[in-house]
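Scroll down for the structure; my scribbles are underneath it.
The values are calculated or read from the model by the stated rules, or taken from the named source; none is laboratory data. The structure presented is a predicted model; accordingly, all values stated were derived computationally and were not measured. All Cβ positions, even for glycine, are placed from backbone atoms using ideal geometry, and neighbour counts span all protein chains on display. Just so you know, the surface numbers come from the protein's heavy atoms only, side chains and all, with ligands and any DNA or RNA stripped out. Shrake-Rupley method; radii C 1.70, N 1.55, O 1.52, S 1.80 Å.
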Amino acid sequence: MKETFYFPHDYNSSEDEKILKLLSVLGWEGYGLYWGIIEKLASSSEAKLKLSDLEYIAFGMRTQCERITNVVRDYNLFIIEGDYFWSNRLVAFFKEKEKKSAKAKESAKVRWASEANKNANASKNDAIKERKGKEKKG
């Protein structure tokens with residue numbers, strides 16, 4: 001099974017001006033297609049997809065390619081550049097997630113290095129105490 005990740009979904013996204021336009025033309029089906037496309041983008045390696053893949057996306061979502069193409073192209077919900085499209089908000093979320101992850105990894109390295117030093121010092125102290133104890137007995 002493919003690993004899954006969380007991404008935010010604003011509870012009031014249906015009130016966004018662009019989404020309202022989508023809803024007025026395609027109804028809740030269009031809204032569902034939009035979030036389905038966002039999910040596809042989120043599961044892609046760079047949160048970007050090729051425009052040439054719209055047909056396969058439509059097939060995977062069990063809808064007509066024309067509907068997916070309309071959602072991607074007609075409502076300014078996605079950035080289209082060259083052969084690719086993406087959501088700036090989703091890209092920003094993943095950049096922030098990566099930044100937080102890198103910071104957490106660095107903090108973990110520092111913490112583990114600190115723990116290793118504590119353990120090494122504790123082992124040295126134990127060895128010194130043991131040696132001193134043997135010297136007194138002898």
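So is Val110 in a helix (DSSP H, G or I), within 22 Å of Phe7 (Cβ to Cβ) and among the aliphatic types (A, V, I, L, M) or not? So that I can check it myself, show each step before the final result.
Details: in a helix (DSSP H, G or I): yes; within 22 Å of Phe7 (Cβ to Cβ): no; among the aliphatic types (A, V, I, L, M): yes.
Considered against the rule, which asks whether it is in a helix (DSSP H, G or I), within 22 Å of Phe7 (Cβ to Cβ) and among the aliphatic types (A, V, I, L, M), Val110 comes out as no.
Tally up the residues in the range 61-73 that are open to solvent by 90 Å² or more (accessible area, probe 1.4 Å) and either part of a helix (DSSP H, G or I) or among the aromatic types (Phe, Trp, Tyr) (or both), please.
Step one: filter the range 61-73 for residues open to solvent by 90 Å² or more (accessible area, probe 1.4 Å), giving 62, 64, 66, 73.
Next, from what is left, pick out any that are either part of a helix (DSSP H, G or I) or among the aromatic types (Phe, Trp, Tyr) (or both): 66, 73.
Of the residues in that region, 2 qualify.
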- prompt: Would it be correct to say that Tyr56 is over 24 Å from Val25 (Cβ atoms), more than 14 Å from the chain's Cα centre (by Cα) and open to solvent by 90 Å² or more (accessible area, probe 1.4 Å)?
  reply: no
Residues of the range 40-60 classified as in a helix (DSSP H, G or I) and among the charged types (D, E, K, R), total: 3
query: Among the candidates Phe94, Phe85, which residue alone is surrounded by 14 or more Cβ atoms within 10 Å (Cβ to Cβ), over 27 Å from Leu26 (Cα atoms) and not basic (Lys, Arg)?
result: Phe94
query: Out of the range 21-54, which residues are modelled with pLDDT of 95 or more and hydroxyl-bearing (Ser, Thr, Tyr)?
result: Ser24, Tyr31, Tyr34, Ser52
message: Step by step: first the residues of the range 74-92, then only those that are part of a helix (DSSP H, G or I) and under 13 Å from Phe7 (Cβ atoms), then the one that is farthest from the chain's Cα centre (by Cα). Which residue is that?
response: Arg89
task: Please state which of the following conditions Ile38 fails to meet, knowing it meets all the rest: (1) open to solvent by less than 20 Å² (accessible area, probe 1.4 Å); (2) in contact with a strand residue (DSSP E or B) (Cβ under 8 Å, 6 or more places away or on another chain).
output: (2)
query: Being touching a residue at least 24 places away in the same chain (Cβ under 8 Å) and assigned to a loop (DSSP other than H, G, I, E, B), is that true of even one residue in the range 10-32?
result: no
message: Please go through the range 9-25 and give me each residue that is of a type outside the set (A, V, I, L, M, F, W, C) and surrounded by 11 or more Cβ atoms within 10 Å (Cβ to Cβ), ordered by number.
response: Ser13, Ser14, Asp16, Lys18, Lys21
